[in-house]
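Notes follow the structure.
The values are calculated or read from the model by the stated rules, or taken from the named source; none is laboratory data. Every value quoted in this text rests on a predicted model; they were computed, and no experiment measured them. Note that each Cβ is placed from the backbone with ideal geometry, even for glycine, and that neighbours are counted across all protein chains shown.
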Amino acid sequence: MQWEVVIGLEIHTQLATQSKIFSGSATTFGSEPNTQASLVDLGMPGVLPVLNAEAVRMAVMFGLAVGAHIGQRNVFARKNYFYPDLPKGYQISQMDHPVVGKGYLDITLEDGTIKRVGITRAHLEEDAGKSLHEDFNGATGIDLNRAGTPLLEIVSEPDMRSAKEAVAYVKAIHALVRYLGICDGNMAEGSLRCDCNVSVRPKGQAEFGTRCEIKNVNSFRFIERAINHEVQRQIELIEDGGRVVQETRLYDPNKDVTRSMRSKEEANDYRYFPDPDLLPVVIEDAFIEQVRSALPELPPQKVERFQRQYGLSPYDAAVLAASREQADYFEAVAAIGGDAKLAANWVMVELGSLLNKLGIDIDQAPVSAELLGGMLLRIRDNTLSGKLAKMVFEAMAAGEGNADQVIEAKGLKQVTDSGAIETLLDEVLAANTQQVEQYRAADEAKRAKMFGFFVGQAMKASKGKANPGQVNEWLKRKLEG
Amino acid sequence: MHELTLAQIARGLADKTFSSEELTGALLARIAEHDGRLNSFISVTAERALAQARAADARRASGETGALLGAPVAHKDLFCTHGVRTTCASRMLENFEAPYNATVVEKLDAAGMVTLGKTNMDEFAMGSASENSHFGPVKNPWNLEHVPGGSSGGSAAAVAARLLPASTGTDTGGSIRQPAAFTNLTGLKPTYGRVSRWGMIAYASSLDQGGPLARTAEDCALLLQGMAGFDPKDSTSIDEPVPDFSAGLNTSLEGLSIGVPKEYFSPGLDPRIGDAVQATVAELQKLGARVVDISLPNLGHAIPAYYVIAPAEASSNLSRFDGVRFGYRCEHPADLTDLYKRSRGEGFGAEVQRRIMVGTYALSAGYYDAYYVKAQQVRRLIKNDFMAAFEQVDVILGPTTPNPAWKIGAKSADPVAAYLEDFYTITANMAGLPGLSMPAGFVDGLPVGVQLLAPYFQEGRLLNVAHRYQQVTDWHRRSPEGF
């Protein structure tokens, strides 16, 4: 039987506010346990929440970026359940009146096609604390630093049909929230976490199959693996005559399996009701327009502009615009170097592989956009050949100064003096008389193959400094002239 | 000295007739002598009080003035006080010391008031008799076999017995006004949002409001002045200017229109209290007021709606008492569920558990629309009734309670009978309106009260009417025998 996979995602993004959503505590990650927990975060008797307006502004930014309706009347609700790292015994969230209503996000699939994923809603809520199960001799430690951190929970429609599509969607959301500057996107620190709702159905069937929810997957790779494993599990279950039971599952990346956490029957009745400590928040049109006018350029517009303004291919434009930092870096290099295509190549190929090798992001690149742009100027004025430029780039990455300093220190200046090149070529030809004769006796096809030998010898003799264009031109003249 | 009102104390301190330290010492001695019979205090903070009194005397000596500077007060034991335990009269918080002050405490401290202690109450403010206390029931000084009302029963009994001139209370369904009526005091529940709820341990957040209990309207005006005001720490606090409540006390009642709802005179009302209401109306007419018959058609739905909303909010508000971070924790929990179940089962009393269960039920999937949503709709109707009534009249007048204080234990077996006693008071909480109860006579030797309700933020009008009434009557001056 042919199976179709149906996936919907709930993405929790921690908003990059200075303070928590309902208290004045800082939101910095990694502080000593319970040092960023105020009376409100501790759920002390008698304390009250006060909404952080910045969290609302960020949520509205997201809503506008996904073309969503912004809920004008926002109601905060209490989601009641007991857990040791939930200090009040309820989480303040939104139920019936979320800040962001229906919207969509276009994602680019591997084959270049664009797919539109529906966004059902996005709502504001507070994060819980953390339960620490190690270092307490069998007891559990509670760290409430994270309690009250603002989250925007983004709920998608069940529009994705493969794990790869799901990952592409998460990456697009990841890029978007970073573009907007509303989330640092640090998945390792839990700033962006994903719950995956997965079901399968026979191809062609209209109704959805029974879904399982995989909780809290926190890397692109794990999302893909967790979904694929869950899909396989469900298909095998059904094909063996079983039935998928609606439940919540956890993905264990070490064992690469999902396991049951709780069934629908065991699920909590959260007893949502409007939080009487918080009045409804009315978002006025003027506020929405003010946020809209301050929105940064977003990925789709940037891709379009890169093609139009710099003449880049759709692929190159999409790669460079994948993150705001990379796009900004590219534009800085292009502006200094004066050649956008050259800049695009260097950023994607040489810089890309260097960052990959070092395992770091572009904002930590050892070669700044100023350095790289300055080097492009030396390529364009023929001081550097492509090969020399790579040497200069490596030296710059090693902290040996800017392009001019490296060229000076290493004597890497390209030889463009035609007299010097002629002398060099005469020496090369004189040292290879046999090959010269063979070349001259050969037909057009063979000559083309042999030509490279002479170029290689000439470049070697010049220690790579000879201008390759001039070497080609003069060689051809001398061999055939 | 213990017969002095807050206003008289302010004058005495200003004239240096006595010092705050002398006054404080005298009242502490009185508490030590008499409170054994009343059980109105959970904590008496004698040393702190004397230190505060000396500090107030020093401030006054350096030229500072202020009606509340050096004047004594006691706080209902659900206002968080840094350095003094805040128990909510519950085993759950028997040894809980808040690491901060409630805004009300902070403001009154700053004004120089001297806190004599924390008063007894119904556990977590759930009750109308101050019988539901882990620290034992409070007695009514007018008859020690009777309840003082609740939930602010300790605050009421202490002031009625002249242990101090005024105290703070909270009112969720009548918890200031009803004990005021039962003990011959003046008690005011301000407009919802007038007094900050920060640090006031919540029973039902959308209904709770702090306010003063004192022997006169004049004293209530003084204490409310210190308590009221916008607080950015409370999102439901309202940024509305606070008038000078004392300045309007003597405004003439000429032309004032008083609405008397016909639904108030139902078969449940003790006719002798009905007579006291009519006598009060007649007295106010002599002062120039005119009476208008009005109707509050949805009054009959108020109690069932209230007893859905209040427990629903309470069930969630009290979830934080789970034995994990503070408060009572059971011995040797077997696992997490056992920790929760036994800590809460052993830490909360029967009435609190009852309301948590009722509220949890009302919010459950499948019942939410039928109970909670419907109750909120009723609440809206009740508010609309008042809005319509206040189109016609300036204040609404009626009994505070259908009956005088009952005997301790008389309604313990039948919680619903006790709930019905809230008939006249809860609607002000449902609508968020200010309400005041003032002494209006005696039935079988027990005090009865008349309640006045006014439009939003018209506490001044309530105090004005009560003060003028108290100028021509002396019910409020009577003191209980033996105190």
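So which of B:306, B:328 ends up being touching an Asp or Glu at 6+ places or on another chain (Cβ under 8 Å), modelled with pLDDT of 95 or more, part of a helix (DSSP H, G or I) and within 23 Å of residue B:133 (Cα to Cα)?
That would be B:306, the only listed residue that is touching an Asp or Glu at 6+ places or on another chain (Cβ under 8 Å), modelled with pLDDT of 95 or more, part of a helix (DSSP H, G or I) and within 23 Å of residue B:133 (Cα to Cα).
Enumerate the helices (runs of 4 or more DSSP H) found wholly within segment A:393-444, keeping only those where 3 or more residues are at pLDDT 85 or above and not assigned by TED's automatic domain parsing to the domain that holds residue A:370.
Those helices (runs of 4 or more DSSP H) span A:418-431, A:433-441.
Looking at A:189, A:230, A:239, which is the one that is surrounded by 21 or more Cβ atoms within 10 Å (Cβ to Cβ), more than 14 Å from chain B (Cβ to nearest Cβ), among the charged types (D, E, K, R) and in contact (Cβ under 8 Å) with a residue 12 or more places away in the chain?
A:230
Looking at segment B:213-223, can you tell me whether even one residue there is in a loop (DSSP other than H, G, I, E, B), out of contact with any Leu (no Cβ under 9 Å at 6 or more places or on another chain) and farther than 28 Å from residue B:310 by Cα?
no
Criterion first (in contact (Cβ under 8 Å) with a residue 12 or more places away in the chain and in contact with a Ser or Thr (Cβ under 9 Å, 6 or more places away or on another chain)) does residue A:209 satisfy it?
Against the criterion (in contact (Cβ under 8 Å) with a residue 12 or more places away in the chain and in contact with a Ser or Thr (Cβ under 9 Å, 6 or more places away or on another chain)), residue A:209 qualifies.
Please work out if residue A:252 is away from chain B (no Cβ under 14 Å), at positive phi and under 27 Å from the mean Cα position of the chain (by Cα).
Judged against the criteria, residue A:252 is not a match.
Taking the options B:181, B:125, name whichever one is away from chain A (no Cβ under 14 Å) and either buried (at least 24 other Cβ atoms within 10 Å of the Cβ) or of a type outside the set (A, V, I, L, M, F, W, C) (or both).
B:181
Out of the residues in segment B:77-97 that are in contact (Cβ under 8 Å) with a residue 24 or more places away in the chain and more than 12 Å from every other protein chain (Cβ to nearest Cβ), state the one that is nearest to the chain's Cα centre (by Cα).
Going through the qualifying residues, I end up with B:89.
Is there a residue being within 14 Å of chain A (Cβ to nearest Cβ) and either under 19 Å from residue B:109 (Cβ atoms) or in a loop (DSSP other than H, G, I, E, B) (or both) anywhere in segment B:257-278?
No, segment B:257-278 contains no residue that is within 14 Å of chain A (Cβ to nearest Cβ) and either under 19 Å from residue B:109 (Cβ atoms) or in a loop (DSSP other than H, G, I, E, B) (or both).
Any chance segment A:56-63 includes a residue that's within 14 Å of another protein chain (Cβ to nearest Cβ) and either in a loop (DSSP other than H, G, I, E, B) or surrounded by fewer than 19 Cβ atoms within 10 Å (Cβ to Cβ) (or both)?
No: segment A:56-63 contains no residue that is within 14 Å of another protein chain (Cβ to nearest Cβ) and either in a loop (DSSP other than H, G, I, E, B) or surrounded by fewer than 19 Cβ atoms within 10 Å (Cβ to Cβ) (or both).
Quick one: which strands (runs of 3 or more DSSP E) lie wholly within segment A:90-169 and hold at least 3 residues that are closer than 19 Å to residue A:78 by Cα and over 23 Å from the mean Cα position of the chain (by Cα)?
Correct list: A:90-93.
Out of everything in segment B:15-28 that is in contact with a helix residue (DSSP H, G or I) (Cβ under 8 Å, 6 or more places away or on another chain) and assigned to a helix (DSSP H, G or I), what residue ends up being farthest from residue B:54 (Cα to Cα)?
B:28
Does any residue of segment A:65-81 turn out to be without any contact (Cβ under 8 Å) to a residue 60 or more places away in the chain and within 13 Å of chain B (Cβ to nearest Cβ)?
No, the conditions are met nowhere in segment A:65-81.
Here are some conditions: (1) aliphatic (A, V, I, L, M); (2) closer than 20 Å to residue A:283 by Cα; (3) more than 10 Å from chain B (Cβ to nearest Cβ); (4) surrounded by fewer than 22 Cβ atoms within 10 Å (Cβ to Cβ). Residue A:51 meets all but one. Which one does it not meet?
Tallying (1) aliphatic (A, V, I, L, M); (2) closer than 20 Å to residue A:283 by Cα; (3) more than 10 Å from chain B (Cβ to nearest Cβ); (4) surrounded by fewer than 22 Cβ atoms within 10 Å (Cβ to Cβ), residue A:51 fails exactly one: (3).
Considering only segment A:292-346, how many residues are within 30 Å of residue A:70 (Cβ to Cβ), surrounded by fewer than 16 Cβ atoms within 10 Å (Cβ to Cβ) and under 18 Å from the mean Cα position of the chain (by Cα)?
Qualifying residue count, segment A:292-346: 5.
Do you know which residues across segment B:297-340 are crowded, with 22+ Cβ neighbours inside 10 Å and of a type in the set (A, V, I, L, M, F, W, C)?
Correct list: B:302, B:305, B:308, B:309, B:310, B:312, B:314, B:318, B:321, B:324.
Tally up the residues in segment A:422-446 that are in contact with a helix residue (DSSP H, G or I) (Cβ under 6 Å, 6 or more places away or on another chain) and more than 17 Å from residue A:468 (Cα to Cα), please.
Residues that pass the stated criteria total 2.
Please specify each residue of segment B:64-93 satisfying the condition of being within 22 Å of residue B:208 (Cβ to Cβ), in contact with a Ser or Thr (Cβ under 7 Å, 6 or more places away or on another chain) and in a loop (DSSP other than H, G, I, E, B).
Selection gives B:77, B:78, B:80, B:89.
Take residue B:322 and tell me if it is of a type outside the set (Lys, Arg) and modelled with pLDDT of 95 or more.
So residue B:322 fits the description; yes.
Go through segment A:186-208 and give me each residue that's touching a Lys or Arg at 6+ places or on another chain (Cβ under 7 Å) and either in the same structural domain as residue A:360 (by TED's automatic domain parsing) or closer than 19 Å to residue A:259 by Cα (or both).
Passing the criteria: A:195, A:197, A:198, A:199.
If a residue must be farther than 11 Å from residue B:79 by Cβ, within 13 Å of chain A (Cβ to nearest Cβ), out of contact with any helix residue (DSSP H, G or I) (no Cβ under 6 Å at 6 or more places or on another chain) and of a type outside the set (Phe, Trp, Tyr), how many such residues does segment B:190-204 contain?
1
Six or more apart or on different chains, Cβ atoms under 6 Å: show the pairs whose first residue is in segment B:136-162 and within 16 Å of residue B:476 (Cα to Cα) and whose second is surrounded by fewer than 22 Cβ atoms within 10 Å (Cβ to Cβ) and of a type in the set (A, V, I, L, M, F, W, C).
Listed by first residue and then by second, the contacts come to B:141/B:483; B:142/B:446; B:161/B:483; B:162/B:483.
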